[in-house]
Amino acid sequence: MSILVLNGANLGRLGTREPATYGTTTYADLVARIEAVAAELGQQVSVRQTDSEAELLGWVHEAADTGAAVVVNPAGWTHTSVVLRDALAQVDGPVVEVHISNVHTREAFRHHSFVSAVATGVVAGLGVFGYEAALRFLADQGVR
Ligand code: DQA
């Protein structure tokens, strides 16, 4: 089973986007870090980012069709998207929801996630380390 690491809207702007909230790691740095951890763990990952909800849905459908595990930071769609929740519900493999920031300490509209109900687990507030935590969890589950 391979792993799709999917990032939603605005995450391509990491590093310059609200650094006090999301840190100074750039998106390119994040991809490199995820790929390095995956290599260490012997995992096959594909790391992607989109500002298009339709494109994200297509990638989730791909995971449903191929049996891939999903690590997803749905960004703002976390709090708005029933269709993303419905797509993730079709994925048989584990789904780990990651948020760089601790959404529960932020604005009230960030406290509800449409995705969490169909996720295996949720990581929030650990910065970009959250992606590494998700990959190490999947490795512990035997997902490579
Ligand atoms: C985020 C938190 C969301 O509320 C926000 O819309 C994002 C990023 C995070 O990683 O902390 O874009 O998912």
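The values are calculated or read from the model by the stated rules, or taken from the named source; none is laboratory data. Owing to the predicted nature of the structure, the values given are computational and were not obtained by experimental measurement. Quick reminder, even Gly has a Cβ in these numbers, built from the backbone with ideal geometry, and neighbours come from all protein chains shown. Keep in mind that these areas ignore ligands, DNA and RNA; they rest on the heavy atoms of the full protein, side chains included. Shrake-Rupley method; radii C 1.70, N 1.55, O 1.52, S 1.80 Å.
Being of a type in the set (Asp, Glu), more than 11 Å from the ligand (Cβ to nearest atom) and more than 15 Å from SER116 (Cα to Cα) is not true of GLU18. Within region 15-28, the residues that satisfy the criterion of being surrounded by 14 or more Cβ atoms within 10 Å (Cβ to Cβ) and touching a residue at least 24 places away in the same chain (Cβ under 8 Å) are TYR22, GLY23, THR25.
Mind checking which residues of region 102-115 are surrounded by fewer than 18 Cβ atoms within 10 Å (Cβ to Cβ) and either within 15 Å of the chain's Cα centre (by Cα) or over 18 Å from TRP77 (Cβ atoms) (or both)?
Within region 102-115, ASN102, THR105 qualify.
Without any contact (Cβ under 8 Å) to a residue 40 or more places away in the chain, at positive phi and either crowded, with 17+ Cβ neighbours inside 10 Å or in contact with a His (Cβ under 8 Å, 6 or more places away or on another chain) (or both), is that true of GLY125? Yes: the conditions hold for GLY125.
Just one of the listed residues (ALA9, ALA32, ALA38) is open to solvent by less than 40 Å² (accessible area, probe 1.4 Å), over 26 Å from SER81 (Cβ atoms) and small (Gly, Ala, Ser), namely ALA38. Taking residues in region 103-115 that are without any contact (Cβ under 8 Å) to a residue 60 or more places away in the chain, and partners anywhere that are surrounded by 10 or more Cβ atoms within 10 Å (Cβ to Cβ) and in a loop (DSSP other than H, G, I, E, B), the pairs with Cβ atoms closer than 6 Å and at least 6 places apart or on different chains are HIS104/HIS111; PHE114/SER81; VAL115/PRO74.
Considering the conditions (1) touching a helix residue (DSSP H, G or I) at 6+ places or on another chain (Cβ under 7 Å); (2) within 15 Å of ALA133 (Cβ to Cβ), ALA36 is excluded by exactly one of them, (1). Condition test on ALA68, is it at pLDDT 95 or above, within 14 Å of VAL5 (Cβ to Cβ) and open to solvent by less than 40 Å² (accessible area, probe 1.4 Å)? Spelling it out, ALA68 is indeed at pLDDT 95 or above, within 14 Å of VAL5 (Cβ to Cβ) and open to solvent by less than 40 Å² (accessible area, probe 1.4 Å).
Filtering region 45-52 for residues that are out of contact with any strand residue (DSSP E or B) (no Cβ under 9 Å at 6 or more places or on another chain) and open to solvent by 30 Å² or more (accessible area, probe 1.4 Å) leaves a non-empty set. Has region 76-84 got any residue that is in contact (Cβ under 8 Å) with a residue 60 or more places away in the chain, buried (at least 17 other Cβ atoms within 10 Å of the Cβ) and not β-branched (Val, Ile, Thr)? Among the residues of region 76-84, at least one is in contact (Cβ under 8 Å) with a residue 60 or more places away in the chain, buried (at least 17 other Cβ atoms within 10 Å of the Cβ) and not β-branched (Val, Ile, Thr), which makes the answer yes.
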